[in-house]
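The values are calculated or read from the model by the stated rules, or taken from the named source; none is laboratory data. It should be emphasised that the depicted structure is a prediction, and the values quoted were computed from it without experimental measurement. Quick reminder, even Gly has a Cβ in these numbers, built from the backbone with ideal geometry, and neighbours come from all protein chains shown.
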Ligand code: HEC
Ligand code: HEC
């Protein structure tokens with residue numbers, strides 16, 4: 001055989017081997033597909049690939065966790081969140097553990113232990129911190145944000161950052177985060193958008209609506225129904241000595257209207273609200289027209305006053321609108337002022 005025919009023959013052999021190889025490969029791929037090798041079971045995907053789970057449809061049942069050390073922090077955080085007053089409230093029995101100034105629980109405002117959309121939902125919150133905060137005019141941590149609610153919504157004092165309680169809250173929020181997208185931005189974060197009427201709150205209307213739709217649970221005088229032995233509330237008070245103080249987010253009529261629209265009367269949701277925007281606005285104004293504890297040193301909030309939300313009920317302000325207008329509206333004029341003067345678009 002000469003060199004030429006040898007080359008030809010060896011080329012043919014190689015071609016046969018290659019084709020044989022391809023056929024075998026195709027058969028293998030076919031068999032793999034047949035046996036569902038490339039198809040994950042749905043729950044398998046949930047466990048291995050959290051990104052594909054809808055954070056709002058995920059299971060947040062704390063009782064599925066075993067008692068490992070990390071899980072005990074998470075479980076204590078959950079307990080603290082739903083029975084706050086029992087552990088750190090003013091009547092818990094241990095003077096050193098009195099951190100809250102009222103008997104509210106975190107879950108009274110962050111519904112279903114922080115998992116209900118449009119009620120200040122806390123799924124994903126960890127991923128949004130550290131975060132710039134206008135109230136302090138600096139980048140704040142999740143611990144500082146929790147302490148913001150301690151000093152205002154709970155009318156209390158700050159929890160030590162390295163203490164068991166703060167660690168437990170953070171562990172619980174970390175656990176709520178397990179299916180959240182990296183930027184923390186999921187449907188249901190914050191509150192529902194309410195079209196704020198371009199007028200002052202109608203307190204008479206608010207009062208009538210309150211008697212009709214709210215008093216059955218929160219009481220005619222807004223004081224709620226206390227759970228004495230558990231040191232908390234079945235229905236929380238909406239004003240008075242045991243309520244949130246005037247530095248809390250809920251004292252801003254716009255924030256309160258947004259909360260009420262998607263959550264009250266109890267059972268209402270963003271998808272199925274029971275109140276109109278106008279009604280939510282008048283009710284928010286009515287509950288916040290009553291006396292409540294005062295936050296110490298309110299003038300220290302918002303070092304840059306232009307960043308203060310327009311419905312913050314206490315002065316000073318970077319504008320000349322009267323306090324009453326910051327409390328009860330109309331807010332549009334104030335928003336337009338900040339747009340024209342500072343180029344700032346304000347929504348609350
Ligand atoms: C009286 C109602 C109320 C109570 C009680 C309350 N909060 Fe809040 N919380 C709010 C409001 C309103 C906001 C949003 C404020 C804003 O928009 O500036 C908020 C915001 C937060 C945030 C930031 C949420 C985000 O999306 O950035 C965290 C974290 C938080 N609260 C934790 C807690 C914890 C922990 C407790 C219990 C110790 C608690 N809150 C009790 C009303 C409340
Ligand atoms: C069926 C009973 C019920 C009715 C009716 C009801 N609420 Fe509530 N409300 C609750 C409960 C319960 C909570 C606390 C949520 C939790 O702990 O899960 C709450 C919480 C609140 C809060 C936040 C907690 C706080 O202390 O401020 C506000 C504000 C509020 N309700 C306003 C209203 C308004 C306004 C109405 C009338 C439109 C209303 N509620 C009607 C049961 C009710």
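Summary table
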| quantity | calculated |
| --- | --- |
| Residue in region 203-222 that is in contact with a helix residue (DSSP H, G or I) (Cβ under 8 Å, 6 or more places away or on another chain), within 11 Å of ligand 2 (Cβ to nearest atom) and either assigned to a loop (DSSP other than H, G, I, E, B) or not assigned by TED's automatic domain parsing to the domain that holds residue 291 (or both) present | yes |
| Residues of region 223-241 that turn out to be modelled with pLDDT of 95 or more, in contact with a helix residue (DSSP H, G or I) (Cβ under 8 Å, 6 or more places away or on another chain) and surrounded by 15 or more Cβ atoms within 10 Å (Cβ to Cβ), as a count | 7 |
| Sole exception among (1) more than 24 Å from residue 268 (Cα to Cα); (2) buried (at least 18 other Cβ atoms within 10 Å of the Cβ); (3) at pLDDT 95 or above for residue 135, by number | (3) |
| In region 175-192, residue surrounded by the fewest Cβ atoms within 10 Å (Cβ to Cβ) [restricted to those that are in contact (Cβ under 8 Å) with a residue 60 or more places away in the chain and in contact with a helix residue (DSSP H, G or I) (Cβ under 7 Å, 6 or more places away or on another chain)] | 178 |
| Region 299-342: number of residues that are more than 25 Å from residue 286 (Cβ to Cβ) and assigned to a helix (DSSP H, G or I) | 12 |
| Options 232, 249, 267: the member that is free of Cβ contacts under 8 Å to residues at least 24 places away in the same chain and either more than 10 Å from ligand 1 (Cβ to nearest atom) or outside the structural domain of residue 119 (by TED's automatic domain parsing) (or both) | 267 |
| Only one of 99, 40 that is surrounded by 12 or more Cβ atoms within 10 Å (Cβ to Cβ), modelled with pLDDT under 90 and part of a loop (DSSP other than H, G, I, E, B) | 40 |
| Close pairs from region 201-223: first touching a residue at least 24 places away in the same chain (Cβ under 8 Å), partner in a helix (DSSP H, G or I) and away from ligand 2 (no atom under 12 Å from the Cβ), Cβ under 6 Å, at least 6 apart | 201/328 |
